[in-house]
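The values are calculated or read from the model by the stated rules, or taken from the named source; none is laboratory data. Owing to the predicted nature of the structure, the values given are computational and were not obtained by experimental measurement. All Cβ positions, glycine included, derive from the backbone under ideal geometry; neighbour counts span all protein chains shown.
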Amino acid sequence: MFFAFAAMVFTLMVTQTLTESIKSWELDMEMFLWFLLVGFVAQSIDGALGMAYGVSCNSILLGIGIPPAVASAWVHFAQVFTSLASGISHWKMGNVDWKLAKKLLIPGVLGSIIGAFLLSNVDGDIVKPVIALYLLVMGIVILGKVKKKHSPNFNRESRSLPVLATAGGFADAIGGGGWGPIVNSTLLSKGKIARYAIGTGNFVEFFVSLASASTFLFFVKELSLAPVLGLIIGGVIAAPFAAYICKLIKPKYLMIAVGVLIILLSIRTFYLAIA
């Protein structure tokens with residue numbers, strides 16, 4: 001029933017967006033190709049690590065001057081498609097823990113709706129340096145996870161899981177990314193096997209992104225075709241490969257690279273916001 005409802009919301013959101021939110025159907029090919037590359041690289045990292053698609057893309061959009069609510073709306077609209085492809089890929093690879101997914105889904109969706117509503121009704125110039133600092137913290141969190149050892153036993157019945165999902169959904173909407181660094185990395189730190197932590201988190205992220213994107217587009221109603229289409233296509237192409245990579249490689253070195261990149265981008269965004 002919930003999946004059918006999500007499919008209906010997804011169809012309605014895409015239809016409304018294509019008819020109302022895209023102001024011009026002219027495609028800037030150069031911009032499209034750049035964001036195709038950004039989407040491919042970001043989803044390759046996200047699918048393998050369970051984090052960094054939203055944070056990476058949002059950092060770049062803020063860095064080129066896109067307002068926070070608009071940037072987050074673009075990222076989450078694109079992420080609906082990329083997280084759907086990623087979720088299906090992880091499902092096919094057997095990386096999804098269904099009982100854990102049920103624990104995370106509803107709280108994550110509620111948190112994302114609240115975060116999207118708040119960001120859509122706050123002055124972007126005020127929020128931009130705050131989000132830059134938030135992204136800086138996310139970069140540090142990612143680097144911090146490199147050295148942190150996992151607990152040997154994971155408790156799927158922990159009462160903290162719904163709280164974790166709510167916080168992750170809220171932060172993801174506010175910062176344009178953060179579900180992975182908060183939720184997936186916490187599951188890893190609590191001892192969840194990496195492929196199940198990442199696969200389950202990425203599967204649930206589709207519903208979180210769908211809720212955020214629907215809320216943002218209700219208020220923002222503004223999409224630019226070239227960057228959004230580039231992020232979508234690049235991410236969808238990368239998703240199956242990333243899910244396979246998740247089963248093969250250790251994420252340590254990718255996590256270091258992503259953490260450093262996000263820290264540098266957030267510092268640049270903060271400097272531009274206060275300059």
Filter region 68-79 down to the residues that are over 18 Å from Phe32 (Cα atoms) and of a type outside the set (Gly, Ala, Ser) and list them by number.
Pro68
Give region 194-219 a look and list any residue that's within 24 Å of Val137 (Cβ to Cβ) and charged (D, E, K, R), or say none.
Glu205
Any residue in region 239-247 that is in a loop (DSSP other than H, G, I, E, B), over 20 Å from Leu105 (Cβ atoms), modelled with pLDDT under 80 and over 19 Å from the mean Cα position of the chain (by Cα)?
yes
Any residue in region 168-193 that is within 18 Å of Leu143 (Cβ to Cβ) and without any contact (Cβ under 8 Å) to a residue 60 or more places away in the chain sitting within a Cβ distance under 7 Å of a residue that is part of a helix (DSSP H, G or I) and acidic (Asp, Glu)? List the pairs, counting only those 6 or more apart or interchain.
none
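Specify the residue that is nearest to Ser209 (Cα to Cα); the eligible residues are those in region 90-108 that are small (Gly, Ala, Ser) and surrounded by fewer than 21 Cβ atoms within 10 Å (Cβ to Cβ). Outline the logic, then answer.
Initial filter on region 90-108 (small (Gly, Ala, Ser)): 94, 101, 108.
Then drop every residue that is not surrounded by fewer than 21 Cβ atoms within 10 Å (Cβ to Cβ), which leaves 94, 101.
On the way: Gly94: 22, Ala101: 15 Å.
Among residues in region 90-108 that are small (Gly, Ala, Ser) and surrounded by fewer than 21 Cβ atoms within 10 Å (Cβ to Cβ), the one nearest to Ser209 (Cα to Cα) is Ala101.
Looking only at region 177-196, filter to residues that are within 13 Å of Ala165 (Cα to Cα) and over 15 Å from the mean Cα position of the chain (by Cα); which one of those is surrounded by the fewest Cβ atoms within 10 Å (Cβ to Cβ)? Working first, answer last.
Here is the first cut: in region 177-196, the residues within 13 Å of Ala165 (Cα to Cα) are 178-187.
From the residues that got through so far, the ones that are over 15 Å from the mean Cα position of the chain (by Cα) too are 186-187.
Working: Thr186: 20, Leu187: 26.
Filtering first and then ranking leaves Thr186.
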Those residues of region 180-192 that are more than 16 Å from Lys103 (Cβ to Cβ) and touching a Phe, Trp or Tyr at 6+ places or on another chain (Cβ under 9 Å) come to a total of 1
